[in-house]
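Just so it is clear, none of the values below were taken in a lab; they were calculated from the coordinates. Just so we're clear, the structure is a prediction, and the values are computed from it rather than from any experiment. We place every Cβ from the backbone using ideal geometry, glycine too, and count neighbours over all the protein chains shown.
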Amino acid sequence: MIDELDLAFDEQVDKTKPRHRRGSRGSKGKGGKSVVAFLMVFILLGVLGVGGYLGYEKIKGFFTAADYDGPGTDPVQVSIAKNATLTDIGNTLVDADVVKSTAAFTAAADENPKGKNIQSGTYNLRKQMAAEQAVTLLLDPKSRVVSGVVIPEGKTARQTYEILAKGTGLPLKDFQEAAKDPEALGVPDFWYNRRDGKKAANTSIEGFLFPDTYEFPPKSTASEILGIMVQRFLSVTGELKFVEKVENNLSVSPYEALIVASLSQAEAGIAADLPKVSRVAYNRAYKEKMPLQFDVTTNYWLDLQDKSGKHSGKMTQAELEDPKNPYTTELRVGLPLGPINSPGEAALKGAEAPAAGPWLFFVAVDKSGRSAFATTNAEHEANIQKACQNGIPLC
């Protein structure tokens with residue numbers, strides 16, 4: 001086999017003459033190469049000795065990474081991926097013509113004490129920058145494009161669209177339209193399965209828009225934004241092993257557990273009560289097969305009608321027992337049609353691993369939101385009186 005390296009340096013050779021293979025008996029040719037190499041070293045040393053600094057600078061150019069000079073030219077926005085290595089970042093910058101070579105960038109980052117602290121995100125940079133200056137800008141918080149939008153826990157999908165529209169400047173109708181196809185946004189179809197015989201809520205996006213602080217890439221569409229939130233939901237539930245724990249430890253589907261998480265998110269006043277509220281929901285819906293009588297489902301129905309929610313003590317009986325409300329838990333046994341908000345991580349944990357206990361009732365008993373739990377009606381009535389004494393408007 002002919003050595004490709006030899007071909008690169010021997011283009012003028014007479015192709016009709018036999019070639020020597022490495023290790024063959026071609027001592028004369030080998031000696032000629034040695035003489036040439038010796039002469040090149042001799043000349044190099046002479047240049048360095050006679051030319052001094054000027055000669056060194058010329059020769060150094062053969063061994064240094066290609067780099068631009070100066071602060072750069074036209075402005076450009078570049079997005080750095082999450083968990084990107086310095087080499088990945090350098091490749092991205094080369095593709096955007098920000099730096100001339102990945103090697104120059106990684107060398108500049110290595111020389112900077114904070115060079116390994118470059119975060120993911122979108123940055124305002126310039127084309128054809130010196131690698132050192134590119135590193136400096138990537139470490140400057142002012143260069144980072146921040147479009148943070150905070151989605152609190154327990155917000156409904158409709159409320160989330162309003163927050164997103166205000167935070168991104170996109171039309172509200174864009175989010176409403178994009179949300180009509182949750183599976184296109186990344187929600188796997190198995191999430192809508194139920195084991196209690198009830199039909200899911202028409203594959204609604206409700207419950208799958210994970211509450212968090214987001215920095216969406218510039219120029220993202222409504223579909224892309226909602227898709228990012230769905231992926232965050234899938235990532236968090238994956239890390240929690242939510243699906244596996246629910247299917248292995250509870251007699252419900254992950255979708256039903258998500259419904260319970262949303263109910264406890266809305267009902268619990270403090271995080272410590274989330275696992276207990278979840279247990280009450282499971283006990284009433286599956287063990288006792290009785291209506292949940294969770295007032296928050298009535299508030300959800302009011303929200304769907306673009307009406308303001310109400311405190312439990314101010315709801316009318318007509319509102320609580322509205323037969324048109326498909327989410328009512330006053331009249332119907334078991335869990336409602338679907339989730340009623342976007343539960344956070346603590347609520348998901350409480351639903352996948354509810355506290356052990358026989359409770360069937362709970363009520364907030366102080367202004368901190370702490371609830372008291374009961375098994376019998378008599379115990380529950382005593383807790384309500386305690387709440388009234390503490391200034392909770394129930395009596």
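Going by a ≥ b ≥ c, the root eigenvalues of the Cα gyration tensor, does the range 123-209 fall in the rounded group (a/c under 1.5), the prolate group (a/b larger than b/c) or the oblate group? Note, shape of the range 123-209 comes out prolate. Pairs of Lys residues in the range 251-354 are counted when their Cα atoms are under 29 angstrom apart and they lie 8 or more places apart or on different chains; the count is 15. In terms of the mean number of neighbouring beta-carbon atoms within 10 Å, the peptides 263-272, 321-330, 169-178 order highest first as 263-272, 321-330, 169-178. Enclosing the Cα atoms of the range 249-302 in their convex hull gives a volume equal to 83 cubic angstrom per residue. Summary of packing: across the peptides 286-292, 182-188, the per-residue average of other C-beta atoms within 10 Å ranks them, highest first, as 182-188, 286-292. Sum up the charges of everything whose Cβ sits under 12 Å from the Cβ of Met129, counting Lys and Arg as +1 and Asp and Glu as -1, but leave Met129 out. Charge balance near Met129 sits at -2. Expressed as a fraction of 2.2 N^0.38 Å, the C-alpha radius of gyration for the range 271-395 is 1.05. Return the whole-Å distance between the Cα centroid of the range 237-256 and the Cα centroid of the range 147-210. Value for the Cα centre distance between the two parts: 20 Å.
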